[in-house]
Amino acid sequence: TLVRGLADLGPLHDLIRSVLNDRGEVLDSASPELQSIRRERNEVHGRLQQRMESLVRSPAVRGALQDAIVTLRAGRYVLPVRSEARSAVPGIVHDTSASGATIYVEPMAVVDLGNRWRELEAQERHEIERILREITEAVGDAADDLDEAVGRLAHLDLALAKAQLAEELDAKELAVRGRDVPWLVDTPAELHLVDARHPLLDGEVVPVTIEAGGSARALLITGPNTGGKTVALKTAGLLCVMALAGLPVPADAGSRVPVYDAVFADIGDEQSIEQSLSTFSGHITAIIDILERADAGSLVLLDELGAGTDPTEGAVLAIAIVERLVEAGVTLIATTHHSELKLYAHNHADVANASVEFDIETLAPTYHLRIGIPGQSNALAIATRLGMPGEVIDAAGAGLSSEQRDLETVLADLRNQLAAAEDRAERAASERDAAEALRLDLQQQLSTLAEESAQLRSDAQDRVREEVRDAERLLQRVRREVESARLEQAAEDLERARQAAAALAPDPPPEAPSPAPSTAETLPTPEVGARVWLRGVSVPGEALSLPNETGEFEVQLGALRTRVRLPQVERMETADGEVALPIATPPMPEAPEEVEVRGRRIEEGLVVVESFIDDASRAGRERVRIIHGRGTGAMRQAVRGLLDDHPLVVKYEGGGSREGGEGVTIAYLAGAP
C-alpha cells in the first residue's frame, strides 16, 4: 500500500547516475563537450608541469631560486626566486614572501601554457554549471513526485523500524481475538498489562501483570528495596507511552492500554543544590504540579510516595495526595514503604494493594508482582540473615507496636495462604492439562479404531463379493461340465442300444429312397410341461420354459436342469399325448466375433467375457477376439486366467500387430454342436 501508485523515478535516477559519481563529482562522460575540455586541459596541464620542471633543472635558473620547487600562487604555476636575482628569471610576479626575500615569478616561457590551462578550467566550470542546471531542472519538474516518495519511504522506514523493534522485544499482537478486538481504549478505562517486560532490560526478564484505573483507580506497590517496585512503575509508564506513540509493546495478548491525554511521573531523587531543594522538597514540587494538571484522562506515576521526611507526617501526606488524585479520576500507580498506606488501600475499594516478592532464604528479590496483597519490608528478617546480633534484633522487635506486629503476622499468613492456593491451582491446572491430553489421546485412538474397523468391514465385504463371484463362475463351469458329461454318456448308451437292436432285428426290406432331411424344418415350439426327446439322449425330458428369441429353452433331464436349442429336439409329445408337426427351424443364435471390456472393473469384465464365450460357442464360432487393452496389464492377466480354466476354450494367443497386439487376446473354441 505504501509503494503502490508511486511515480516512476527511474529515468531521473538514471539521469543523475549518468552525470554524477558516488562522491557527487561530475563525470567526464556527462557531455561530449566536457569530455573534450577535460582531455585538452589534462594535456596542457601535463605540458605545463613538464616545462616548469625543466626550468627548475636549468643551470641558468636554478641558481636564482630560493628552493628548487614548483608552487602555485593565485592559480598560476610559479618559481620561488630570490629577490636579489629577480632579473635572472624573466616573467610575471604573482606574490612575494612576508619577508620580501622571495618573489614568486611565473616564467614568460610558460605564460601561454598557463593562460590556456586557465581558459580550459573556466570552460570546464561553465560546462559543469550548464549540466548541473539541466539536472536541477529535471529534479524540479519531479519535485512533487519526489516529495510524495520521500514521505512514503519515511512511513515505510518507520514501519520497518517498528517491526525490527517488535522482533527484538518479542512484542506480539495484543488483541485477545483477532484484529477486531481493540487493545487501545478510550479513557476513562482500566490499564491492564499482561506479562509486561521493561524494554530496556536484557537477559531473563521476569514479566509483571499490572492492573490500575478500573474498579480500583489507584494501585499502591509496597515491598523491600531492590524488589522491583520502581521497575514495575517504569514499565507501566514506558509501555503506555510506547503504545500511544504507535510502537510495539512487549506484553502478551489481553493487554489493554487507555489513550491517556497526559502521563505524569515523579520518579527518582529530585534533589537540586542549584535550586536549594532537598529530596523531599523536590518531590513535593513535582507533585504540586501534577495535582494542578492531572485529570480523568491522565496516568500518574509516583515513586516512594511520602518518603524523605518524618514517617508519620509523610504517611498522612501521602494518603491525602492519593485521595486527591482518586477524586480527580486519574489512574494512579505509586510505590511506598508506609504501612499506613497499606491499611488505607485495604480499607478503600478504589485503592488496591500490590507487592513485590522477596526470598528471605536467599536474600534475593524474585521480582514477581502480586495484586491484592500488601508487601513487607522484611527489614528485621534481612538483618538477621546478614548476621545482626540477636539482642539488637530483639530490641528492635520490642520497639514495634502491637498493631505493626499483628499486621506483619497477618501479611505473612496471607502470603502463605496465597502461595498454597497458587500451588493447588497450579497442580489442578497441570492435572486438567493431563486429563485433556488423555482425552484427546483416547479420542484419537477411538477415531483410529473406528477407521480401522470400517476398513476391515470394507475389506471383508470385498472378499465376500469376490468369493461369491468365484463361486458363481465355478458353479457355471461345473454345470457345463456335468451337462456335457451326461449328454456324452447318454449318447454312448443310445449308440450301444441301437447296435444291440440292429443285431437282433431281421434285415428290413428295401425302402424307397427318402428325400434328404431338411435342415430348414423342425418341431413346433414346445409348451411348458411337454415331453421332449433330444438327439442322442434316450431319456425324455420336460420343457420348463418357452424358447427365447435364439431358440433356447430350459429342460429337466432327470436330476439335470439344462438349456438346449430347438435343433437338438428330436421329437416332442404334448401334455395330452399328441405329437406336434414339424415347423420351421429358428435360425442359429448370433454372437459377435469380438467383445470389448476396456474401462470396466475386472470382476465386471470377467462376467462379460464368460457370457460372450458361451454365446459364441452356441453360435458355432471357433475364433473370437477379446479386447481388453494394454493399460497396467491387470485386465489382460485376469482374462487369460479365465481362459486357462474354461472348458470351451481350446487355446488362446495375443493379437497380431494389425489386431491390437497385447491389447487383444484371440481365443479358439471347441467346435459348435
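The values are calculated or read from the model by the stated rules, or taken from the named source; none is laboratory data. This is a predicted model, so every value here is computed, not measured. We place every Cβ from the backbone using ideal geometry, glycine too, and count neighbours over all the protein chains shown.
Residues that are touching a Pro at 6+ places or on another chain (Cβ under 9 Å), on the phi < 0 side of the Ramachandran plot, crowded, with 16+ Cβ neighbours inside 10 Å and not in a strand (DSSP E or B) do occur in segment 295-303, at least one of them. Answer yes or no: is there a residue in segment 653-668 that is modelled with pLDDT under 90, touching a Leu at 6+ places or on another chain (Cβ under 7 Å) and surrounded by 13 or more Cβ atoms within 10 Å (Cβ to Cβ). No, segment 653-668 has no match at all.
Exactly one residue among ALA101, ALA88 is loosely packed, with under 13 Cβ neighbours inside 10 Å and aliphatic (A, V, I, L, M), and that residue is ALA101. Looking across ALA450, ALA429, ALA412, one residue alone is over 30 Å from PRO540 (Cβ atoms), surrounded by 10 or more Cβ atoms within 10 Å (Cβ to Cβ), small (Gly, Ala, Ser) and modelled with pLDDT under 65. It is ALA412. Name the residues in segment 18-60 that are farther than 30 Å from ALA138 by Cβ and in contact (Cβ under 8 Å) with a residue 12 or more places away in the chain, would you? Residues satisfying the conditions are VAL44, HIS45, ARG47, LEU48, GLN49, ARG51, MET52, GLU53, LEU55, VAL56, ALA60. Applying a threshold of 9 Å to beta carbon distances and a minimum spacing of six or more residues, or different chains, the list of pairs starting in segment 212-223 at a residue that is farther than 8 Å from LEU332 by Cβ and ending at one that is among the charged types (D, E, K, R) and crowded, with 24+ Cβ neighbours inside 10 Å reads ILE221/LYS229; THR222/LYS229; GLY223/LYS229.
Residue by residue, here is whether (1) exposed (fewer than 15 other Cβ atoms within 10 Å of the Cβ); (2) outside the structural domain of LYS229 (by TED's automatic domain parsing); (3) part of a loop (DSSP other than H, G, I, E, B); (4) hydroxyl-bearing (Ser, Thr, Tyr) holds:
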| site | (1), (2), (3), (4) |
| --- | --- |
| ALA334 | no, no, no, no |
| LEU341 | no, no, no, no |
| ALA349 | yes, no, yes, no |
| PRO374 | no, no, yes, no |
| THR384 | no, no, no, yes |
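Among the candidates PRO199, PRO224, PRO250, which residue alone is under 30 Å from ALA307 (Cβ atoms), over 34 Å from the mean Cα position of the chain (by Cα) and assigned to a loop (DSSP other than H, G, I, E, B)? The conditions single out PRO224.
A Cβ distance below 7 Å, combined with a sequence gap of six or more or placement on separate chains, defines the contacts here; from segment 318-335, residues that are over 15 Å from GLU292 (Cβ atoms) reach residues that are in a helix (DSSP H, G or I) and aromatic (Phe, Trp, Tyr) in the pairs ILE319/TYR344.
Within segment 542-562, being assigned to a loop (DSSP other than H, G, I, E, B) and either of a type outside the set (A, V, I, L, M) or in contact with a His (Cβ under 8 Å, 6 or more places away or on another chain) (or both) holds for SER545, PRO547, ASN548, GLU549, THR550, GLY551, GLY558.
For segment 355-364, does any single residue satisfy the condition of being over 26 Å from ALA212 (Cα atoms), more than 55 Å from the chain's Cα centre (by Cα), modelled with pLDDT under 85 and not aromatic (Phe, Trp, Tyr)? No, because not a single residue in segment 355-364 is over 26 Å from ALA212 (Cα atoms), more than 55 Å from the chain's Cα centre (by Cα), modelled with pLDDT under 85 and not aromatic (Phe, Trp, Tyr). Only one of the numbered conditions (1) under 29 Å from the mean Cα position of the chain (by Cα); (2) in contact (Cβ under 8 Å) with a residue 12 or more places away in the chain is not met by GLY114, and that is (1).
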